[in-house]
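For reference, the structure discussed in these notes is given below.
The values are calculated or read from the model by the stated rules, or taken from the named source; none is laboratory data. Computed from a predicted model, the values in this text were never measured in an experiment. Cβ coordinates were reconstructed from backbone atoms using ideal geometry, including for glycine residues, and neighbour counts include every protein chain displayed. Side chains are part of the model used for accessible areas, which takes the heavy atoms of the whole protein and leaves out ligands, DNA and RNA. Shrake-Rupley method; radii C 1.70, N 1.55, O 1.52, S 1.80 Å.
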Amino acid sequence: MGDPVLLAEVWQSPTYMIALEGDSVNITCSSRGPLLGLYLKQRWPNCNNVIYYENGKEPTVDQRFQGRITFSGLQYNLTISMHHLQLADTGDYACQAITNDEVWGPGTLVVVTEKLPQTVNTCQETQLIHFALPTALAMGFFLVGLGLGAVCVLRRTQIQKLCCAKEKNSVCVVYEDMSHNRCNTMSIPNHYQ
């Protein structure tokens, strides 16, 4: 009987990452079996080689990722760090072990989102503003209405006191009819003055 053939396997972690533009992500490629080298490839939205790593040799890094990739570990347990992420870095990244065959890892979905400007409120602050503004306006209108009601009640009370006064010297207000049908009549002297 001959020696058993050791087949290569590739594991990859994490399965997905969500990061802000400018942040970093780590993808770890682990393998078992004889290994000639290791690729990290972007399979979606475009198929691109990101890196090729082989123990004892200078790694090859795609021009798009130059200056943004660092490595730690050896090719059978390699962590690839992608720094200064850009929106265009969103995609599916897979480790590919180079043996007598090609063996692929399951892939890591990396989603890069835009950084929010410093002036943008969080959802809770926005919800608070959307709740507080109408509440403040309603309270303001309620207080104005309450104030006008109080003024009307006070004015009515003053008028009632004036009209109900029993003093003989009190001033009485007389309204004169100035309508059109009386415009040709002579005015009559007021005997009450």
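You will find that of Val111, Val144, the residue that is in a strand (DSSP E or B), at pLDDT 70 or above and open to solvent by less than 100 Å² (accessible area, probe 1.4 Å) is Val111 and no other.
One residue stands out among those in the stretch 77-91 that are surrounded by 17 or more Cβ atoms within 10 Å (Cβ to Cβ) and touching a Ser or Thr at 6+ places or on another chain (Cβ under 9 Å): the one that is farthest from Gly22 (Cα to Cα), which is Leu78. Filtered by the rule that a residue be surrounded by fewer than 13 Cβ atoms within 10 Å (Cβ to Cβ), modelled with pLDDT of 90 or more and not in a strand (DSSP E or B), the stretch 1-35 gives Pro14, Thr15, Gly22. Candidates Glu58, Glu54: the one that is open to solvent by 60 Å² or more (accessible area, probe 1.4 Å) and over 28 Å from the mean Cα position of the chain (by Cα) is Glu58.
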